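Take a look at the structure below.
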Amino acid sequence: MSGDASITVAFERRFGGKPLICRAPGRINIIGAHADYNEGLVLPTTTALYTRVAIASRHDQRIRAWSENFGDGAEFDLPTLQRSDNRHWSDYVKAVVSVLQDTACIKSGFDILINGDLPLGGGLSSSASLETALGYALISIGGNEVDRRQLALLCQRAEAEFVGARCGIMDQYAISCGASGHATLLDCREIRHQDIPLPQGMDILVVDTGVKHELAAGGLNERREECEAAVAALQTVLPGIHALRDVTPGQLENNRELLGELLFTRSRHIVTELQRVREAATALAAGDVARVGALVSESHASSRDDYDVSCDELEALVEILSGCRGCHGARLVGAGFGGCAIGIFSPPYLEEAMNTVSAKYGRMLGRAPWMHAVRPSGPVDISLPA
Ligand code: GLA
């Protein structure tokens, strides 16, 4: 049975009635680490691992939610929604409902069943995938047209304000607006993008370290504060700047002392990453997979040395990936602090690499690691019956 068919059956068994099904892919950020909340450029794509929601309106204010991944349910009432004290998965449901309530899209309660293929807390944006699938579904059952850009902004607000992870716009935007078979070159200041076709001669392998990136929300907020502190310091001498995106490498170098070593290295990662994203977009469009891979590896080194978001397991995995035949480069994905790494491969070598990584990293992990060959997917949408 397909994922869409089986979630329909599961919904009918649990709640009864015919649900609407929406599904949203996972996000793979090829390059552009932590550039989004610095108003920079990022280059993500999506993959055909989905979060599915089955949803049907109710006639009262009750919300009944069930997660198949957690084997756990939650019930609450509109209009007052409180975040749980212990980071519960249902906070994401409440978060999206709460921002949509502000736009008057939600008038009644609903039943919802959720299941997902993405590793949870693995850096592939399982949370943004859930938010956008749910947002899309709620707007649709309310009888409204979905504005995809607006959906991305609402879901980002949900995560930043309600859940409390002060993320940028990359994940929600890539999942809401990405095009099948393409990477999304997103300008996070203008909130505008260009689709770049992914070359035939490039495969992306994702491997999970097996370390949950539980620190990621705290770490992300801390990095964001460091970037804001760097901007505030630089504004004393460069009043025209608004974000690290506006700072040139030369200006940064000239203000090393003003910033101090920590804020200087954090800023250097962002300023150099912006250059790498621009170059990677050009290389990708030209089908220069080797250059894309080299930039991906440089991004990883900078994320580790300057931005300090790697960890021992990511280092081991990136080294194994990089040492595989046919690998052009490797890096951590998502916020870092654990989760997954990607390798950029020439297709003929992919299978050999999967065996090598499985054996070498599997030995360290004590079991076969989860891995996935990226299949760039269309964006969040309603799933129509086959
Ligand atoms: C997380 C955030 C994104 C982005 C990445 C790092 O996935 O949700 O907004 O900042 O980390 O690039």
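Run the quick spin-label model on GLU319 and ARG14: label points 7 Å from Cα toward the beta carbon, then report their separation in nm to one decimal.
In this crude label model, GLU319 to ARG14 measures out at 4.3 nm.
Report, to the nearest whole %, how much of the accessible area of the chain belongs to carbon and sulfur atoms, 1.4 Å probe, protein only. Each step should come with its number before you reach the end.
Values: 7570 of 15570 Å².
Roughly 49 percent of what the probe reaches on the chain is carbon or sulfur.
Quickly rank 52-58, 40-46 as a protection proxy: mean count of other C-beta atoms within 10 Å, highest first.
Peptide ranking by packing, descending: 40-46, 52-58.
Across 5 Å bins from 0, what is the distribution of all Cα-Cα pair distances for the stretch 203-373, in whole percents?
The percentages, shortest bin first, are 1, 9, 16, 18, 17, 14, 11, 7, 4, 2, 0.
At a 1.4 Å probe radius, which order do LYS360, LYS94 fall into by accessible area, largest first?
Working: LYS360 105, LYS94 25 Å².
Sorted by accessible area, descending: LYS360, LYS94.
So how much accessible area does VAL93 have, in Å² to the nearest 10, using a 1.4 Å probe?
Looks like 0 Å² after rounding.
Taking the Cβ-Cβ separation of GLU75 and THR236 as r and a Förster radius of 45 Å, what is the calculated FRET efficiency to the nearest 0.05?
That pair, GLU75 with THR236, gives E of 0.30.
Please get the size of the charge dipole for the chain, origin at its Cα centre, with Cβ charges of +1 on Lys and Arg and -1 on Asp and Glu, quoted in debye to the nearest 20.
Taking the Cα centre of the chain as origin, the dipole is about 740 debye.
Keeping all protein chains in place and using 1.4 angstrom, which order do TRP66, TRP89 fall into by accessible surface area, from largest down? Write down the numbers at each step before the final one.
Numbers: TRP66 60, TRP89 25 Å².
Heavy-atom accessible area, descending, gives TRP66, TRP89.
Calculated FRET efficiency, THR103 and GLN200, Cβ-Cβ r, R0 30 Å, to nearest 0.05? Let's see the in-between values first.
On the way: r = 41 Å, r/R0 = 1.37.
It comes to 0.15.
Out of ARG224, ARG266, ARG13, any idea which swings most in a Gaussian network model of the chain, alpha carbons joined below 10 Å?
So, out of ARG224, ARG266, ARG13, the one fluctuating most is ARG13.
Check the straight Cα-Cα distances from LYS18 and name the lysines below 21 Å, setting aside those fewer than 8 residues away within the same chain.
Straight-line reach from LYS18, under 21 Å: LYS107.
Let me cross-check MET371: its accessible surface, 1.4 Å probe, with only protein heavy atoms counted, in Å² to the nearest 10?
Rounded to the nearest 10, that gives 40 Å².
Quick check: pseudo-label points 7 Å beyond the Cα along Cα→Cβ at GLN275 and ARG62, how many nm apart are they?
Between GLN275 and ARG62, the label points sit 6.0 nm apart.
Label ARG83 and ALA229 with points 7 Å out from Cα along Cα→Cβ: what is the distance between them in nm?
Simple spin-label model gives 2.1 nm for this pair.
Can you grab the distance from the C-alpha centre of the stretch 308-381 to the C-alpha centre of the stretch 227-254, Å, no decimals?
The two parts, judged by their Cα centres, are 34 Å apart.
Cβ under 10 Å from ASP4's Cβ, ASP4 left aside: what net charge do those residues give with Lys, Arg +1 and Asp, Glu -1? Before the final figure, lay out the partial values.
Working: positive: ARG23, ARG52; negative: none.
Taking every Cβ under 10 Å from that of ASP4, the sum is +2.
Can you give the alpha-carbon Rg of the chain over 2.2 N^0.38 Å, where N counts its residues? Each step should come with its number before you reach the end.
Working: Rg = 20.8 Å, N = 386, 2.2 N^0.38 = 21.2 Å.
With N residues counted in the chain, Rg over 2.2 N^0.38 Å equals 0.98.
At 222 nm, what helix-only mean residue ellipticity would the chain give, in deg cm²/dmol to the nearest 500, using -39500 (n - 2.57) for each DSSP H run of four or more?
On the way: 11 runs with 160 residues, N = 386.
The helix-only estimate for the chain comes to -13500 deg cm²/dmol at 222 nm.
Using only the alpha carbons of the stretch 130-209, what is the convex hull's orientation-averaged projected area in square nanometres?
Values: hull surface 27.9 nm².
The number I arrive at for the stretch 130-209 is 7.0 nm².
Hey, with R₀ at 41 Å, roughly what FRET efficiency would LEU262 and SER6 work out to, going by the Cβ-Cβ distance, to 0.05? Intermediate values should be presented prior to the final figure.
Details: r = 49 Å, r/R0 = 1.20.
So, using R0 = 41 Å, E works out to roughly 0.25.
Short version: ³J(HN,Hα) in whole Hz for each residue of the stretch 290-297, in order, from phi by Karplus 6.51 cos²θ - 1.76 cosθ + 1.60 (θ = phi - 60°), x for Gly and Pro, what are they?
Residue by residue, the stretch 290-297 yields 4, 5, 4, x, 4, 5, 4, 5 Hz.
Which value, to two decimals, describes the C-alpha radius of gyration of the stretch 281-386 once divided by 2.2 N^0.38 Å?
Values: Rg = 15.2 Å, N = 106, 2.2 N^0.38 = 12.9 Å.
In units of the globular-protein estimate, the stretch 281-386 measures up at 1.17.
Just by accessible area at a 1.4 angstrom probe, what is the order of HIS242, HIS88 from largest to smallest? Provide the component values of the computation, followed by the final result.
Values: HIS242 120, HIS88 50 Å².
Most to least solvent-accessible, the answer reads HIS242, HIS88.
Roughly speaking, what is the centre-to-centre gap between the stretch 88-140 and the stretch 18-73 when only Cα atoms are used, to the nearest Å?
For the stretch 88-140 versus the stretch 18-73, the Cα centre distance is 6 Å.
The values are calculated or read from the model by the stated rules, or taken from the named source; none is laboratory data. Source: prediction; values computed, not measured. We place every Cβ from the backbone using ideal geometry, glycine too, and count neighbours over all the protein chains shown. Only protein heavy atoms, including side chains, enter the accessible area calculation; ligands, DNA and RNA are left aside. Shrake-Rupley method; radii C 1.70, N 1.55, O 1.52, S 1.80 Å.
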